[in-house]
Each structure stands twice: as C-alpha cells, then as structure tokens.
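What follows is calculated from the coordinates using simple rules that are stated; it is not laboratory data. None of the values given here were measured: they were computed from a predicted structure. Cβ atoms come from the backbone with ideal geometry, glycine included; neighbour counts cover every protein chain shown.
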Amino acid sequence: MSGLVVTSYGSYLPGNRVSRAEMSATLGRGPLSGQRTAAGHDEDSITMAVEALRAARGAAVAEPALLAYVTSSPVYLERSNSSIIHAALDLPARVLAHDAIGTAQTTVAMLRHALRAGEPAAVVAADVRGGLPGSEFEWFGCDAAAAVTLAPEGTAPAMARHLGGATTTLPVGDTWMSAGEGVPRSWDGRFAAHALTPGAIDLAEEVLTRYGDPARVRFVVSAGNRRVRADVIRQGRKRGWTYLGGVIDDLGYAGAADPLLVMAAAFDVLPPASRLLVLTVADGASAHLWEIDEGIESRSARSLSAQADRRHPLAYSAYLRWRGDLAEDPPRRPEPDRVSAPAALRNRRWKYALMGAECDRCRARNVPAQRICGHCRQPARMRPVPLQDTPGTIRSWTVDHLAYSTGDKVIAAVVDLDGGGRLSCEVADTHGERLAAGRRVIPTFRRVSTRDGLHNYFWKVCPLRGEVK
Amino acid sequence: MAAHGIANRVAVIGSSCTAFGDLWDTGIEDLAVDAALQACESAGVELSDVDAFWFGSTNSAQSGLDLSRALKLDNKPVTRVANFCVTGSDVFRNAAYAVAAGAYDTVMAIGVEKLKDSGYAGLVDDEPPNDGTLSGLTPPARFSLLVPAYCERYGVGADTMREALTHIARKNHANGALNGRAQFRRPVSAEQVNGAPAVAGQLGVLDCSGMSDGAAAAVLVRADSGLARNREALYVKGMSFVAGPGTGPRDPGYDYVSLPEVAASAREAYRQAGIRDPRSELLLAEVHDCFTPTELVLMEDLNLSRRGEAWRDVLAGVFDLAGELPVNPDGGLKSFGHPVGASGLRMLFECWLQLRGEAPAERRITNTERGAALVHNLGGAPGELMSFVSVLGTSR
C-alpha cells in the first residue's frame, strides 16, 4: 500500500458520432448498428487529454508532482506531448510531465508506477483510434481520453483506493500497429480469444480470491479485440462474478484511454464501499481491484453516459476528410504561418492555459495581460486570472467561408466573459447549431492549425450545454 | 498638446490613377511608372522636378528601392509606407507634412499594389512571427461582425438591413459602371447581390470590395508657391489620422456598432477645415467601403447620418450619385477595386476630378455652392482600427 488514493477522475468524449451503418454501407459491407465517437477536426490526443484532466481537476485538491500521459497516437515523437498538457493546466515547472507511448498495458503500468511512487500524481490517457476503412478498428474505435489523480490519503477526500492487482505478459500478437504505419491490424479473433481469455480469467480469479469476497465485486473489461472482450465477460459471469455493463458496452475501444475509460464509467455509477475489478486484456492481462470510498459522492456531473448521450451526427465523408483519408482541393488561401517557438514560450500562460490578467490600478480584466492596461491606459502590474473555466456570452459572431480551416468553415465569435474581459476566437463543436448573440459558451483547448509538422494549440469556445442558471 | 493641422499650407497640383483590375499583363514597375508620369503630366512638372517621394505598398514591395529602381531616380529620398489599407492616405499625409515643414518644394505621394500575382482569393496578411493566438479571420469576416450588432442595437430587421447593404452595393456598382478606370464596370441587380456566393456572415461576394492591381499618385507643393498659383490646385483644408488602442476584440466596452476611430478622425478634420455640417457642405465623399456594412456605419461615424439612421438615409438614396451627398461617385473600393496601397490616393483622384469639374459628364457632380470634398480611408478592422480623414477644397 502506497498510501495514495484516487482523489478525482475525469473522462472526455468528443461530441461527433459517425453512423456505423453509413461507414459500412459506403464500402458495400454488411449492416452495422450504433455510432462511433469521433474527435473533431481540431482535436487530437493532446487536446482530449487536456479536457479529461480539466474534468478531473474540478475535484482535485493537490497539485501533482507527476503527470504521466499515455497514448498510442502521439502528436509528436520528439518533443514532449505532455509538456503541452502540462502548460494547458498551468502546472508549476517543477511538476514532471512525461509521455508514455503505448497502449492499454502502458496505461495500467503508469497507474501502477504512480501508485508505487507515492507522490501526488495525475495519469491521463488519450487516443485517436483510426483504422483502415472497412475495418473493425474503424467501426468500433472510440476517440476518447480519461484521467485520474492520486494523492496521499488524508490530503483530499478519497474517491477510491487501490486494494491490489497482478499482471501477466504474453507475446500474443493478436493486434499490432507498426511504428509509422498509423493503422492497427489484427489476427483471427478466435486465436486471440484462445490465447488471452483463459489467462485473463485465471488472473482475475487470483486477485479476487486474494483480496476478499468475489461476490462483493463488480468487474469491467478493457480489451481491444471484441471477441476477447465478449469471451472474458461471458467466462467471468460463468464464475459467478457480476459484470458492470452500461454505456461503455456501446462505445467501442479507446486504445490507451480504454482502461481508464472503463474505470471512469464504473466510478460514475458505483456507490461507496463497493468494489471494482478492472480487467485489462492485451499482450497478457492486468487485474486491479479498487474499493470505492465516500469521496465518490463529489464526483463530477459530467459522467461518461452524459457525454455519450450528446450525439451529433458527423457524415462519414467529413470524418474521412478530417483524418486526411480523403484529400480535397485546398482553398486558394495561404496556409497558416508556423507558430514561433520563442513567442509561444514567452506567452505560454496565455497561449496554453488561457491566463488573463487583472490591472492592479483599476482592477479591469485584460485578456491577455498587457503592459499598459486597456482600460485605465496606465502602466500596470497585472495579476494573473485563470479564464479557462470562465463561461461567456456571445456578443457577435460570424462564419468565415474564406479563412483557412482544418475542417469546415471557420465560425468565430466575440465573447464577453463572465466577470469581465472579452475573447475573440473560434467556436468549436457547433454541430450545425445556428449561433446567436446571447448564446452561452465555455473555453475548450484545441488544435487550431498545423504547419511544417508543427501544431498550433490554442483555446476556442464551445456552446455551453445544460448550464444551471 | 494639440493637433494643429496644416490647413491651407499644402496644395495638390497633380493627380493620377491607373485603371484598376486584374492586370495580368502589367507588373509593379509598369504601374509605378504609369502613375508617376501621369501625375507629373497632370501637375505640369518633370519627374526630375520632384524632390522627394513617399511610396505606399502593402503586399507588393519591400523598400523605397522598388520605386527608385522603377523610376530610375537619381539619389532622391524615397520613403516606403505600409500601413494596411490606409497606406495610400498615410503616404499622402507624410508627403504633405514634408511640404508643410518646408523640407521640400515638390513631392510625390504614390501608391502601387500588385495583388493578383499571389494566386490567393482575398487579401493576404503577412504577419510577423507570433504565438499563434491571433485571429485567423479574414477581413470580410471581421467586418461582418458589424451586421448583427448594428441590427440588434437599432432594432433593424435582417431584411431591412439586407436591403440597405444591397442598396450600397448597387449604388457603387452603378457608379463604377460609369468609370472607365474601374475594375467592375457593370451595374448589378438586387437579385445578383442577394444571391451572390457567401463570403462571411451575412456578406456575399457582392458585398465585398474587389481585390485588384493598380496605382495612383499625387504631386504636392507649398500652397503659396508659384506652381500652386498657376494651376487649378486643391488645398488640404483638414487632415486627421488616428490609430486606436486595438482593444475592441478584448474589451466588452466595444459594441461593433460603430468605428470610434473614424468618428475621432472626422471630428478633428472637420474642425481644422471649419466644416460644421458635412452633409450639406461637401460636394462628395470618398469613403472606405471595403464591405457594404462598413460604408453604412461610416455614414454615421463621419456624421453624414444620425446615429441609427444611416440605413434609412441609404435606402432613401441620400448618398446616391443624384442624391443629396454623393458617396463614392467613382464606384468606391466596391467596384473601382482595392489595390491596397493605392486606394487612398485613388480617392483623392476622384476629388481632384470632381472638385475641378473634370469628372466625365455622366457622373459629374455639379453644385457650385460646394467646394470641398472628403476622403476617408481606414486600415485594420472593427475594434482595432486606423482611420484617416481629409477635407480638400478648391480655395485657400
């Protein structure tokens, strides 16, 4: 026992849904049901990780000493992706942020390492799950992110505590993605079930037996292979264990994010004192047992099922365009300029964390900080004011048919922030909604543009839904 | 602390303007030479008589050498000016100050722009290296923000607003159709304007000025010089140029219903020129109609309409060629075209023609009681704007 407990968690699902029936019909394949979740054209494994951590941080008290970021769809291989996430959260420089490139086991391993290290930590995993058109990876992939924060017992209310776990490693090779290829491929699913299921079930049984009464426990499963997942659930039930199904069953596989995502889905619904076995099956298996604690009562209202219910249809053609799988004639406009690294570093608190400022003379909010206050026009010392969680109201807005865009037409708005200051920025995730002055919005971290392999991250706003007045 | 102005100290003795348009067969050198030689001819001077040059170009030049090379100037000072869309007028302003200061006897203000060689649609900004947080919106999108805000403030319905904007587009196209130098020389119907492909917000292609190639120039001398006395000169009566604090996109205090920088520059220029009621005193106004809602809002900021009533005046035809105060009788940016660095001097050229009775008969404005004209030129976008206003007159 390390003395660390889960003090918060968060999940992020993009709002776009692509009909599996449309995907399969486009290639003349058989009928499918349901929808897959797809990242927006301005989202990637970095932006989604930021959103999951923002959701988790709502309840977190302590700053982490460590930020571990796991993905199998890294934006950069050289340059730390997590340094951007670190900056977006405005974490102190002394916080170690590092990438762990890998998939589900890596996520489980990072969680295990963090638990053993004994320092406050945040573990976040995010993946954009692609696949060749017509593959199960494409149809049943899910773009998502999930995060947990850990802190020493007693420093913050515990949502869950780790009781114990075990891991096996086996070079099964049922699924693989060559470095550089970008799309996963798989062996015959029956082989995968044969090779993985029995070992996973044995491991689960061992952990359940070691840590008490299996009858008290609910179990959830993360497995990239659909047949393996169904097989493990069936075998578990046969042994009398209770499977905790729900929204997660229809989402598809979220790669590196999947183990934390299934855990988050369970944390969303389990009451205090219940126990949860998270069984991850990939290149072996991991079984970890958690006990839910009283702190769970303060979990975020932004549950996974609430996010899954937001279903905004995205045409398959748009999905392909956004992923670069369907090249189109570019507009006769120049590509956006490359971001200046020195300028981005100097202005990092504004650019990455959306840090505004308040004038020490007249108290007016400046967005971002200025040397001379925009209100009293006097040289001023500016006190930082975080704005990334500040909602605002659209004052005027427009659709720019001419501007360069990574997706469709650029929609932009002038947004007056609650408490003062104004943002003039793009509006994300409108999903065809016609905006109007007065519409409430909230900042969201996005990839604005790309040039020469260098991505430009900044904040947009998205419609604020379900606001409590 | 005050802006003193240079009323009656500087005279324009020559003005020129090339044809504007998609000049595929004309390079920047051709444009510069044509505008410069025509201005000299208009002024009755030789190129070698010009003591100094102010040269405006936003996207087509890098330095004064681009002009001195084209004109083969022998060791004359050439200042290159680039100040967004107000470049042409800032060129004029700095040239006028040099004359007023007594530094030179004869100077040339020249603006040259070659936009059509880029291959891009619309105007392209060349931004300095930055942190990637600046707005990537195009000018039409930034000006389109005026429309919903204006409608909301004054309770103008969307259909009425559309009618007013369409009226402005049709007026300027009708005027441009009478101008042999204009880029677009065809009248347009309301159906064409309303059905044009969308560009930004509620603006279609026919709500936007034309990106074009072109050049314009003027020759300036001291008002008390023999050159001014011997020619039918125009005199700078009032001139103001301001750059706002650029806080509009960040400060909820800005409402996107007016352009305060324009109002400030107009007040100052009118004060210098002694203009009290511009609508009844001016013969014409050349204004920066980069987009139709810009011209609408400008009518109020230039005090040609009361606040909230420009749409009504526009629809009543007040600013039509045959109206009470013709605005953009040459077609404006809208149909004459907008070669950025040249536009301010193109506006001056129309004042030159109209005030001296030299405009072609079909669009000549005759009113012997009015001897002053207004040039309004701007750069930037609502909320972060520079504005230039000058008043030119036929007498000292």
- Using a cut-off of 11 Å between beta-carbons, work out the net charge of the residues near residue A:420 (Lys and Arg +1, Asp and Glu -1, residue A:420 not included). 0
- Checked against a 22 Å limit on the C-alpha separation, the offending pairs among A:351/A:460; B:72/B:334; B:116/B:334; B:72/B:114; B:76/B:114 are B:72/B:334; B:76/B:114
- Task: Provide B:229, B:250, A:321 in ascending order of the number of other Cβ atoms located within 10 Å of each residue's Cβ, fewest first.
- Result: B:229, A:321, B:250
- Cα long-axis angle, helix A:226-238 against chain A (0 to 90 degrees, to the nearest 10): 50 degrees
- residue B:244 neighbourhood, Cβ < 10 Å, K/R = +1, D/E = -1, net charge -2
- Report the semi-axes of the equivalent ellipsoid for the protein assembly as shown in whole Å, largest first, where each axis is √(5λ) for an eigenvalue λ of the Cα gyration tensor. 65, 26, 23
- Order of A:248, A:372 - criterion: other Cβ atoms within 10 Å of each residue's Cβ, fewest first: A:372, A:248
- Query: Which aspartates and glutamates have a Cα lying under 17 Å from the Cα of residue B:171, excluding residues fewer than 8 positions away in the same chain?
  - Reply: B:163, B:191, B:207, B:286, B:289, B:295, B:313, B:320, B:324, B:330, B:350, B:362
- Message: What does the net charge come to around residue A:84 if you take all other residues with beta carbon closer than 11 Å to its beta carbon, with K and R at +1 and D and E at -1?
- Response: +2
- Cross-link reach from residue A:238 to aspartates and glutamates, straight Cα distance under 20 Å and at least 8 residues apart if same chain, gives A:202, A:205, A:206, A:213, A:249
- Query: Taking chain B as a Gaussian network, Cα atoms linked when under 10 Å apart, which of B:49, B:125, B:25 shows the biggest mean-square fluctuation?
  - Reply: B:25
- Item | Extended-chain gain in nm, criterion 0.36 nm per residue less alpha-carbon gap, residue A:194 and residue A:434 | 81.2 nm
- Tell me what chain B gives for mean residue ellipticity at 222 nm when only DSSP H runs of n ≥ 4 count, each as -39,500 (n - 2.57), the sum divided by the residue total, rounded to 500 deg cm²/dmol. -9500 deg cm²/dmol
- Query: Across peptide A:333-340, how many C-beta atoms of other chains are within 10 Å of each residue C-beta, on average?
  - Reply: 5
- Just in region A:70-142: which trypsin sites (Lys or Arg not before Pro) are loop by DSSP and have at most 16 other Cβ atoms within 10 Å? A:79, A:94
- What does the average come to when, for each residue of peptide A:371-379, you count the partner chain Cβ atoms lying within 10 Å of its Cβ? 2
- So, with points 7 Å from each Cα along the Cβ direction, the residue A:250-residue B:158 label distance in nm works out to 3.4 nm
- List the GluC sites (Glu not before Pro) within region B:263-349 that fall in a DSSP loop (any state other than H, G, I, E or B) and whose Cβ has at most 16 other Cβ atoms within 10 Å. B:309, B:324
- Message: Restricting to bridges with both residues inside region A:390-469, how much of the DSSP beta-bridge set is antiparallel, in percent to the nearest 5?
- Response: 95 percent
- Message: Taking 35 Å as R0, compute the FRET efficiency from the Cβ-Cβ separation of residue A:238 and residue A:187 and round it to 0.05.
- Response: 0.90
- Item | Separation of the residue B:51 and residue A:332 label points, Cα + 7 Å toward Cβ, nm | 4.6 nm
- Message: To test your reading of the geometry: what angle, between 0 and 90 degrees and rounded to tens, separates the Cα axis of helix B:158-176 from the longest principal axis of chain B?
- Response: 30 degrees
- Query: Taking one equal scatterer on every alpha-carbon of region A:402-469, how large is log10 of I(q)/I(0) by Debye at q = 0.26 1/Å?
  - Reply: -1.32
- Query: Over the protein assembly as shown, what is the percentage of antiparallel beta bridges among all DSSP beta bridges, to the nearest 5?
  - Reply: 75 percent
- Query: Where both residues lie in chain A, what percent of DSSP beta bridges are antiparallel, nearest 5?
  - Reply: 75 percent
- Query: Tell me, what does the Kirkwood hydrodynamic radius of region A:4-322 come to in angstroms if you use every pair of distinct C-alpha atoms?
  - Reply: 19.5 Å
- Message: Within 10 Å, at most 11 other Cβ atoms, and a DSSP state outside H, G, I, E, B define an exposed site. Report the longest part of chain A free of exposed GluC sites (Glu not before Pro).
- Response: A:182-327
- Item | Nearest-20 debye value, region A:4-322 charge dipole, Cβ charges on Lys, Arg, Asp, Glu | 620 debye
- Cα axis of helix B:87-100 to longest principal axis of chain B: angle in degrees, 0 to 90, nearest 10? 40 degrees
- Expressed as a whole number, the average count of other chain Cβ atoms within 10 Å around the Cβ atoms of B:135-148 is 6
- Give the calculated FRET efficiency between residue B:41 and residue A:464 to the nearest 0.05, with a Förster radius of 51 Å applied to their Cβ-Cβ distance. 0.20
- Quick calc, residue A:167 & residue B:116: beta-carbon distance into FRET formula, R0 56 Å, rounding 0.05, result 0.30
